[in-house]
Amino acid sequence: MKLKHVILAAIMPALVSGTGLAYAQFKKPEDAIKYRQSAFTVMANSFGKIAAVVKGEVPFNKDEVAKNAAVVAMISTLPWQAFSPGTEGGNALPGVWSDNAKFKAAGEKMQLAVANLNTAAQSGDQEAIKKAFGAAGATCKGCHDDFKKK
């Protein structure tokens, strides 16, 4: 229960700063940019904690990996509505809007990969986690390479 509160506290400013409910129209492009950046920040934080385990920088703790994978999977569904027309800017490249079908496909691929990571993490199988983490990381990198400013 505490984890849900932490996640909500992290993204709440973006949710209430003029955006209303998550799927509501954003009042200003800046609101959409803040919202999506907040979601990606929360995802990156939890993904980074799993990366530290996969790299052997911190000891494997099944419960912590499972919690972080669940956060990544849950938050992975949130940022996409904040990439609607008229929300250009932030770190997003113009290709997000000019090649939106490719961008949407990349987002769906990432969501599937992090769902698989979550499944592996919930199993506690370290080898399955490493494999799924690599696949998820590749989808993140691919989208960043094509659609995020360096």
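The values are calculated or read from the model by the stated rules, or taken from the named source; none is laboratory data. Note that the structure is a prediction, hence the values are computed from the model and not measured. Here Cβ is always computed from backbone atoms with ideal geometry, including for glycine, and neighbour counts include all displayed protein chains. Side chains included, ligands, DNA and RNA excluded: accessible areas come from the protein's heavy atoms. Shrake-Rupley method; radii C 1.70, N 1.55, O 1.52, S 1.80 Å.
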Legend entry - Under 15 Å, Cβ to Cβ, from T41 - net charge with Lys/Arg +1 and Asp/Glu -1: +4
Legend entry - Pairwise Cα inverse-distance average, inverted: Kirkwood Rh of the stretch 31-84 (Å): 11.8
Inset, instruction - Starting from the alpha-carbon convex hull of the stretch 33-124, give the projected area averaged over all orientations, in nm². - result: 6.0
Inset, instruction - Taking the Cβ of F26 as the centre, find all other residues whose Cβ is under 14 Å away and add up their charges (Lys, Arg: +1; Asp, Glu: -1). - result: +1
Legend entry - Of all accessible heavy-atom area on the stretch 58-114, the percent that carbon and sulfur account for (1.4 Å): 60
Inset, instruction - May I ask you to rank E30, E57 by accessible area, largest first, using a 1.4 Å probe over the protein chains only? - result: E57, E30
Legend entry - Across K49/K150; K102/K141; K67/K148; K28/K104; K62/K130; K28/K150, pairs whose alpha-carbon gap is larger than 20 Å: K49/K150; K67/K148; K28/K104; K28/K150
Legend entry - Cα-projected label distance for E30 with K131, points at 7 Å along beta-carbon direction, nm: 4.8
Legend entry - Set of aspartates and glutamates near K34 by C-alpha distance (under 20 Å), chain-local residues within fewer than 8 positions excluded: E88
Inset, instruction - Pull up all non-local amide H partners of F26: gap of 5 or more, or a different chain, and H-to-H distance under 5 Å with H placed in the peptide plane. - result: none
Inset, instruction - Lys and Arg at +1, Asp and Glu at -1: add these up for the other residues within a Cβ distance under 15 Å of A101 and post the number. - result: 0
